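Okay, structure first, notes after.
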Amino acid sequence: MPAYPESDPTSLDLELEMVPRGTAVSEVVKQLVALLTAGELTPGSRLPPERQLAERLGVGRSAVREALAALEILGIVTVRPGSGTYLRDQTSELLPTTLSWGLMLNAARTRELIEVRGGLEIQAAAYAAERATDADVEKLRGFVEVMADSLEDIDAFLQADIRFHLQIAVSADNVVLKDLLQSTRSLLRLWVERGLTEKDQAEAAYREHRAVFRAIEARDPDAALAAMRDHMATAADRVRSATVA
């Protein structure tokens, strides 16, 4: 039996409603979470293409793309380049619900979520400095180098940024911490991206990531904790600015 069923996703009779203006991404996420957790799609099922989802929901393809990216980070779907987006074989029973309400938090709750994410990232960095393997360090080095080369390509920079933090969570070797980070980071992802749009912001973020990397490379938990704390402080400022823009 193939890992991914060869069913035609465009023929699925999906219960999707037109999305009200001004709530595109969060509403797309809400509807997709409801669809994916309703049991109508079996694990491994391929989702309809972005174009069809956008038409059914009455939104732009970029809103669908951002929503699917959040679901991928959360581990609900997986994207196979050149093939499509698929419902993963194993999904968390908690995180989809968390995502559905989290993207509609008010400003006060968003600030609280920023604080939680910062504390988790700081702890993960300290653990990573203690537990990272040589292979982990080389992966982190690669992401930092991509950031250095992508200061004028914000999309590429953000992708390297995301992968850097994901790798730190993996290197921390604590599954519960990693899952919590995936959840909080996914809830804030859209705001994080909107808070980093200029080259000077990328340059500052690059320096902060480089400091975190050097501390982990040196296997210095205290330095890693301090460097990540500094990074989270400025990152939080950028996210807060994006939420009130």
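Miscellaneous remarks
- Filter pass, Ile168 being touching a helix residue (DSSP H, G or I) at 6+ places or on another chain (Cβ under 8 Å) and crowded, with 18+ Cβ neighbours inside 10 Å: yes
- Top-ranked residue of region 147-162 - restricted to ones that are under 18 Å from the mean Cα position of the chain (by Cα) and without any contact (Cβ under 8 Å) to a residue 24 or more places away in the chain, ranked as surrounded by the most Cβ atoms within 10 Å (Cβ to Cβ): Ala160
- Hey, Thr110 assigned to a helix (DSSP H, G or I), within 16 Å of the chain's Cα centre (by Cα), among the hydroxyl-bearing types (Ser, Thr, Tyr) and at pLDDT 70 or above or not: yes
- Candidate set from region 171-187 (those that are in contact (Cβ under 8 Å) with a residue 24 or more places away in the chain and surrounded by fewer than 17 Cβ atoms within 10 Å (Cβ to Cβ)); member that is nearest to the chain's Cα centre (by Cα): Asp179
- Extreme residue, surrounded by the most Cβ atoms within 10 Å (Cβ to Cβ), among residues of region 26-74 that are of a type in the set (Ser, Thr, Tyr) and modelled with pLDDT under 80: Ser26
The values are calculated or read from the model by the stated rules, or taken from the named source; none is laboratory data. Please read these numbers as outputs of a predicted model, since none were measured by experiment. Neighbour counts are summed over all protein chains in view; Cβ atoms, including those assigned to glycine, are modelled from backbone coordinates with ideal geometry.
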